[in-house]
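Data first, discussion second: the structure below is written as structure tokens.
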């Protein structure tokens, strides 16, 4: 059994004039110690997916269907009280912007100790000791001093280290990291990412990495999901997808990466842009931008088909697979 | 000419403002009540059973009669009479008229001052801005009511009681206008600072228009909607300020009462059980201020989408 | 810290200068001390001589400097009516006003925080809507009218006979809607306890507290809706922020998120606005004290206006101005101390 299993998760935003479908029938799983990448443009629903796992989507969002199984227990059916025992304890989160994540009026120490005390019956002194050890683990200079400092007294990189330390505080099974390095200076992005990966590996923590950086995903994850307009359109082993992407959207993304093209060539660009939630077209949401569009694409969302170890939702791909399967019979 | 007005009316009917107004019960009720009170005030001489300014109609024998539904009430005086024997309904109608006149007048006054100073501060910047905004800060930290009381006291002391009483309406309009201009000036200044950066101002400068023309013809029209919103609430504030000044004896004299001075003169008789003389004008004042505030809140929500998060 | 302090204090001095200039202009423009000191019988030559002696023929600047110099030494002139130094008169009346403001502030503090927080956490609950409705109505009721209604209800009392009094339920309902009255609505009572100097306090006797009740509620009624709305609005904005969602993601209990993480961030802007509002309350004490004949500086000021007691009016302006300036400066400093993100360098970070 997978550690985390998301089945047919539907998330909607209740707005005036009806609901908006933010996530449609999302299914994926995460094994112990696995590193899973979640890629897509901003607005594709990556963050909504991450927050929905712990039922942290803000109003007016709500879970309309499906389930989130953590060690076989359905998180989306749990009470707030039960969920609190999972949040931060078994499943920790790292947010995008370290400037906004830490409470500006509470010291780093307070924000670490309270997380420990919320889940364990320990003294403040013992909690401070654990916090100190974790700060040492994320290689913050003079960690004992940091405990009594306020977030604004730390640099951006240091803050994200603190947040990684908080994520590791209770030795969780899963860390969900939502664009953990986007808000940081380019020079320290790699450093922070390496630290996060090393610590996850060391403690065998599963990592769900949400990013729009396809290059990063290809380097550090074992499996990946590609999202578009609230749907997963392709998922499978990272290597297979990067080497031989099936979905035209994924192909476009990969072609748009600078290092993939030859020097001097103009970068590829997928024509058009992703529709907003209120304007998702019927059928396959990618069809207005797709070079292989057919009438079928405009009417119904394609089912997933298997290509190697990759699941992909595209009529063109399923046609190609059918042709391949038929091919040996035709040739004598 | 007619076609232009028709199309404007059509445009209004299709606008978001009208659409959301139709759906907001509180806004509709407030608007209806507001219009009713304004009409009652404006046409007070037509509706009022008696003329409270006409001494010949007053009989001191009728003083302190209770409203008609209470024991001892007289059908001639639906809401009873005050301590001088004036019909309370008539005095309230005339008082509403005075209060509304001062409320609107004071907002026009502070609008003129606020727009002028706000434009100057925002457009010229530098020392003019610093001085004007410093004055505004000090005034606001003192509170508009305090400033109005001080200015009122000074005016009253320099004009003398009698003369002040004769021109009290204009005095109050000026006093409240002086006390409350900073609110509008700040709003105008903020909008001007935002507008100033926009390209059309540069374009106007390049075309060689003078400062005055750019300020009043180009920038001002673009700052009107926040001014409109804040003016609505300011009418309510001005009416309350007038009532407070009159209650303190710094406002309308009893011979030409506003709602505030009616409450004041009635308050002296509350201990003898004649609650209606003070509480009925008080109720009218509260309803009037409340509906204006509600309309102001609604307008602000409509014109400021940032606040409209649900 | 030092730079911040110096900047704030120099600003405060500047404002005091402006206030003193305005006050002096009022005195100069309105008051004719000669009229008060000597009668009509004194000849014009005699008057001119006294004028010269008093320095009334000096230029405006010289006279202002003399006025300011005396003011700094604590001499703001002598009240025509009381025949005493004006500061003495003001200090006799100040404790009553301060106790009224303290009483009202306590009511505001104890009610606005829980109600504002509740309305922010449960914006859709009927109780929140009820509180917000009440506060909208409350803003529209002038403070003197609240005071009059309170007097009618709790001092005079209301006897209701809408229901048939001969039936049991009728008399019960009549009793339910009737109020007894009997609360004092005039002055501070006889139970004052002398603390020190001119301070006689009503806080230490039941009679003093009973006298304080209605005036303090009236004064609080004007600010309470403002504070409830302010706390609710700030709190709702804070609750939208990332760090609140992060606190939830850490698995913290809701009471800790609401009352530590959110409330602490909410109270920072509330302190600033609250300090200013506290100063504004002084203006409303004039109205409240008038209704309840509360012997504080507000009532004293109003009486000084009707008596044209110019030195007392001017002194009141100076003292109230000083109180405003001091509270605003203190609020700024407190804000700087409470908010860790403001480094006290003179600029907000």
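Some notes on this structure:
- By the count of neighbouring beta-carbon atoms within 10 Å, fewest first, B:144, B:255, A:107 end up ordered B:255, A:107, B:144.
- Taking B:142, B:77, B:31 as the candidate residues, the one with maximal mean-square fluctuation in a Gaussian network model of chain B, Cα springs under 10 Å, is B:142.
- Applying the Kirkwood pairwise sum to the alpha-carbon positions of region A:136-218 produces a hydrodynamic radius of 13.4 angstrom.
- Both radii were evaluated on the Cα set of region B:61-127; the Rg over Rh quotient, with Rh as the Kirkwood radius, amounts to 1.47.
- Gain upon complete extension [residue C:18, residue C:204; 0.36 nm per residue less C-alpha separation]: 63.0 nm
- Rh by Kirkwood over Cα pairs, then Stokes-Einstein D for region B:106-159 at 1.567 mPa s and 4 °C, µm²/s: 105 µm²/s
- Inter-label distance, nm, simple model (7 Å from Cα along the C-beta direction), residue A:144/residue C:293: 7.0 nm
- Chain A: angle of helix A:108-119 to the longest principal axis, Cα-based, in degrees nearest 10: 80 degrees
- Degrees separating the helix C:44-54 axis from the principal Cα axis of chain C, which is the longest one: 60 degrees
- Listed residues B:154, B:284, B:107, most fluctuating in chain B (Gaussian network, C-alpha, under 10 Å): B:154
- Shown here: region A:123-166, whose C-alpha atoms stretch 30, 18, 16 Å along the first, second and third principal axes, sorted largest to smallest.
- Share of Cα-Cα pairs in chain C lying beyond 34 Å, as whole percent: 44 percent
- For chain C, the longest principal axis of the C-alpha atoms and the axis of helix C:263-292 are separated by about 60°.
- Gain on full extension, evaluated as 0.36 nm per residue between residue C:136 and residue C:179 minus their Cα-Cα distance, stands at 13.0 nm.
- Within the protein assembly as shown, percent of DSSP bridges classed antiparallel, to nearest 5: 65 percent
- For region A:51-137, the convex hull spanned by the alpha carbon atoms encloses 134 Å³ per residue.
- For region C:117-212, the spherically averaged projection of the C-alpha convex hull amounts to 10.4 nm².
- Region C:61-135 - Kirkwood radius from inverse mean 1/r over Cα pairs (Å): 16.6 Å
- With viscosity 1.002 mPa s and temperature 20 °C, the Kirkwood radius over alpha carbon pairs of chain A converts through Stokes-Einstein to a diffusion coefficient of 100 µm²/s.
- FRET efficiency, 1/(1 + (r/R0)^6) with R0 41 Å, evaluated for residue A:62 and residue C:9 via beta carbons: 0.15
- Mean Cα-pair separation over length for chain C, i.e. relative contact order, pairs under 8 Å, 6 or more apart, %: 27 percent
- For region B:77-180, the alpha-carbon coordinates run over 61, 27, 22 Å along the three principal axes, in decreasing order.
- Over all directions, the projected convex hull of the C-alpha atoms in region B:129-237 averages 8.5 nm² in area.
- Alpha-carbon radius of gyration plus Dmax, which is the widest Cα pair, for region A:44-93 in Å: 10.6, 30
- Taking the fewest neighbouring Cβ atoms within 10 Å as the starting point, the ordered list for B:300, A:298, A:121 is A:121, A:298, B:300.
- FRET efficiency for the pair residue B:197 and residue B:256, taken as 1/(1 + (r/R0)^6) with r the Cβ-Cβ distance and R0 = 56 Å, rounds to 0.70.
- Radius of gyration (Cα atoms) of region B:87-302, expressed as a multiple of 2.2 N^0.38 Å: 1.17.
- Sorted on the mean count of surrounding Cβ atoms within 10 Å across their residues, most packed first, peptides A:312-322, C:186-196, A:57-67 read A:312-322, A:57-67, C:186-196.
- Across all Cα pairs in region C:64-189, the calculated P(r) in 10 Å bins from zero up to the longest distance comes to 10, 19, 25, 22, 13, 8, 3, 1 percent per bin.
- Within chain C, helix-based [θ] at 222 nm, where runs of 4 or more DSSP H residues each add -39,500 (n - 2.57), nearest 500: -23000 deg cm²/dmol
- Helical runs assigned H by DSSP (4 residues or longer) give chain A a calculated mean residue ellipticity at 222 nm of -10500 deg cm²/dmol, each run adding -39500 (n - 2.57) before division by the residue total.
- Rel. contact order, % - alpha carbon contacts under 8 angstrom, at least six apart, region B:87-302: 29 percent
- Sites residue C:193 and residue B:137 - FRET efficiency at Förster radius 45 Å, r taken between beta-carbons, to 0.05: 0.70
- The ranking of A:254, B:115 by Cβ neighbour count inside 10 Å, starting from the fewest, reads A:254, B:115.
- Estimated translational D of region C:243-349 in µm²/s (Stokes, Kirkwood radius over Cα pairs; 25 °C; 0.890 mPa s): 144 µm²/s
- Note on the protein assembly as shown: Cα Rg divided by 2.2 N^0.38 Å, N the number of residues, gives 1.18.
- Highest-fluctuation residue, B:261, B:143, B:99 considered, GNM on chain B with Cα pairs under 10 Å: B:143
Just so you know, all these numbers are worked out from the coordinates, no wet-lab data involved. As the structure is a prediction and not an experimental result, all values here were calculated from the model. A quick note on method: Cβ atoms are made from the backbone with ideal geometry, for glycine too, and the neighbour counts reach across all protein chains shown.
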